Amino acid sequence: MMRSKFYVCPVCGNVIHSMGEAVITCHGINLSPAAAEETDENHMISIERVEDKFYMHINHAMTKQHYISFIAAASSDRMQMVKLYPEGNAEARFKINGAKKSIFIAIGTDYFILLQLFHRNGR
């Protein structure tokens, strides 16, 4: 799951996940995998361990024009994803299960940004 790829349609905003290389089309457009960027000051994620879960929160406005589409936690053998919605909170809880990477996509009216953060030893 650590090699997962995400594709975002520029027409409808649909987010497609693949577990490896794939040829993906949406609305007749061939999509390329989203390239991950480092988090910036506008997309900082805080991760807190609460018992056997990670609580992840992104201090980010969730407007219809600009919002976080989902937050995911990946380990070597599983992907946990939580869909987020405009005007909701940018937060999620995940079972720890060796999670090594957090992934989220910020979507605006005319762009998207794939961001990821690596954890040390799933802790």
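The values are calculated or read from the model by the stated rules, or taken from the named source; none is laboratory data. The structure presented is a predicted model; accordingly, all values stated were derived computationally and were not measured. Cβ: placed from backbone, ideal geometry, glycine included. Neighbour counts: every protein chain shown.
Values as computed for the structure displayed
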read-out	value
Residue pairs meeting the criteria (Cβ under 9 Å; at least 6 apart or on separate chains; first on the phi > 0 side of the Ramachandran plot, in region 17-29; second surrounded by 14 or more Cβ atoms within 10 Å (Cβ to Cβ) and among the hydrophobic types (A, V, I, L, M, F, W, C))	H27/C9
Residue in region 46-53 that is in contact (Cβ under 8 Å) with a residue 60 or more places away in the chain and surrounded by fewer than 11 Cβ atoms within 10 Å (Cβ to Cβ) present	yes
Residue match in region 65-85 (condition: in contact with an Asp or Glu (Cβ under 7 Å, 6 or more places away or on another chain), surrounded by fewer than 19 Cβ atoms within 10 Å (Cβ to Cβ) and modelled with pLDDT of 85 or more)	no
